Amino acid sequence: IKEYLDAGGYKALHIALSGKPEKVVEEVMNSGLRGRGGAGFPTGIKKQAASSRRTETNSYMVCNADEGEPGTFKDRAIMENNPHLLIEGMIIAAYSIGAEKGYIYIRGEYYDSIRKLQNAINQAYDSGYLGNDILKSGFSFDLELKPGAGSYLCGEELTLLESIEGKRGYPRIKPPFPAEKGLWGRPTLVNNVETLANIPGIIEYGSNWYRSSGTERTPGTKIFSICGDVRNPGYFEVEAGVILNDLINDLAGGTSDGLPWKTVLLGGAAGTFVPWSYADLSMCYERLKERGATLGSGAVIVVGSKRKLIPLIQSILRFFRHESCGKCVPCRLGTTYIYERSLEINAALPGERKRILDDMVNHAGQMAKSSLCPLGQSPILPLGTIQRHFSEAIATE
């Protein structure tokens with residue numbers, strides 16, 4: 001904590017606590033910060049919805065650190081390298097909505113992250129940044145770590161709340177949303193690790209400073225997790241709107257074999273495939289949406305020119321089948337059906353392979369319309385983009 005304080009840490013908290021909670025909400029709204037967990041929902045709107053119920057008792061602040069999306073490891077980087085940045089962001093966010101209790105719901109396998117975060121929480125208590133009457137402001141806030149039990153589904157905010165309450169990780173039907181009826185039925189603000197880590201900078205330097213980087217509709221920086229067939233896999237923080245091929249070539253060292261990549265899976269298993277013709281793609285929410293792709297969690301999984309796509313699709317669908325909670329019929333039966341259909345492709349003739357792929361996409365589309373939570377709504381993203389860009393490649397592999 002001494003190193004964090006020497007670098008200007010907790011200065012933003014002093015600024016926030018010296019003003020009204022509404023000022024924090026206003027500054028975050030003006031910054032244009034979008035959630036960095038996957039959906040890209042405007043963070044200020046979430047805060048505004050939760051803060052509108054500030055007069056109610058027992059509201060909660062929750063950090064979603066259940067980083068279970070395959071190919072994603074950017075939150076881990078923050079928690080292990082700069083845990084106090086996350087804690088400061090959480091305290092400021094809690095102050096803005098009047099929450100006096102917070103939880104960091106963290107992936108149970110992140111042993112180092114858990115150890116370092118708990119150490120940082122203890123230091124923050126000892127230094128007066130957590131607990132009663134923080135910095136003699138009259139505001140009190142307690143923070144607790146809650147390790148998850150390994151469910152991919154608990155990365156979804158309402159399912160995460162069920163898990164914190166000690167229940168099975170089943171999705172809730174919404175509305176109501178967490179800002180209305182969240183943890184134990186009280187108003188709750190749920191933000192991702194990277195989202196919260198942006199808040200101290202916004203409060204200290206202002207929304208105009210934050211908007212000076214990135215794009216108009218996706219301001220600020222973004223951490224990308226790059227892995228797969230590249231020479232230098234890792235996590236890289238750059239301005240939102242960076243060109244996809246610059247990420248791969250300039251930061252990740254290019255492909256492993258030096259040849260042009262075949263495809264990139266953006267956003268992890270619940271993401272979209274893009275072909276080589278999308279190499280000039282601007283990595284921001286608005287440009288990606290225009291071209292039928294997603295930013296998601298910031299995962300960039302590079303698939304080399306010699307790698308086959310069918311085993312990759314089968315691996316993704318096996319993952320979804322395994323992670324389905326089974327609560328709703330479309331997902332429980334659908335994930336098994338499309339995975340088993342994908343296994344039939346290996347022995348099928350080219351024409352039949354296309355028909356199998358079309359059938360899988362059709363079923364995935366029906367799942368997306370009728371499933372209760374994002375897991376059942378996800379397979380259509382990789383399958384639909386594989387069909388759009390690589391149906392001929394699938395037929396001839």
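The values are calculated or read from the model by the stated rules, or taken from the named source; none is laboratory data. What you see is a predicted model, and the numbers here were worked out from it, not measured in a lab. Because the Cβ atoms are built from the backbone with ideal geometry, glycine has one as well, and the counts that use them run over all protein chains shown. Side chains are part of the model used for accessible areas, which takes the heavy atoms of the whole protein and leaves out ligands, DNA and RNA. Shrake-Rupley method; radii C 1.70, N 1.55, O 1.52, S 1.80 Å.
Data for the structure
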item	result
Set LYS116/LYS136; LYS136/LYS174; LYS222/LYS354 screened for pairs whose C-alpha atoms are more than 30 Å apart	LYS136/LYS174; LYS222/LYS354
Long-range amide H partners of THR263 with built H, under 5 Å	VAL303
Relative compactness, the chain, computed as alpha-carbon Rg over 2.2 N^0.38 Å	1.01
Accessible surface, per residue, of segment 239-326 when the full set of protein chains is kept, probe 1.4 Å, Å²	38 Å²
P(r) weight above 16 Å for segment 308-385, C-alpha pairs, percent	42 percent
Inter-site label distance for MET29 and GLU100 at 7 Å from Cα along Cβ, in nm	2.6 nm
Accessible heavy-atom area order of HIS389, HIS84, highest first, probe of 1.4 Å	HIS389, HIS84
Share of carbon and sulfur in the accessible heavy-atom surface of the chain [1.4 Å probe, %]	50 percent
Segment 111-239: C-alpha gyration tensor shape, a/c 1.5 cut-off, then a/b vs b/c	rounded
222 nm mean residue ellipticity, helices alone, for the chain (DSSP H n ≥ 4; -39,500 (n - 2.57); rounded to 500)	-13500 deg cm²/dmol
Cβ crowding within 10 Å averaged over residues, with 258-264, 343-349 ranked highest first	258-264, 343-349
Global form of segment 267-363, assessed from the alpha-carbon gyration tensor, a/c cut-off 1.5	oblate
Prolate/oblate/rounded call for segment 298-353, Cα gyration tensor, a/c under 1.5 rounded	oblate
Alpha carbon centroid spacing (whole Å) that separates segment 354-397 from segment 202-278	25 Å
Dipole of the chain, positive direction: furthest Cα of SER370, PRO178, TYR285, with charges on the beta-carbon	SER370
TRP184 accessible area, 1.4 Å probe, all protein chains in place, Å² to nearest 10	120 Å²
Cα-Cα over 27 Å, subset of LYS101/LYS289; LYS20/LYS101; LYS2/LYS74; LYS289/LYS369; LYS146/LYS369; LYS327/LYS369	LYS101/LYS289; LYS146/LYS369
Mean Cβ count within 10 Å, highest first, over the residues of peptides 127-140, 298-311	298-311, 127-140
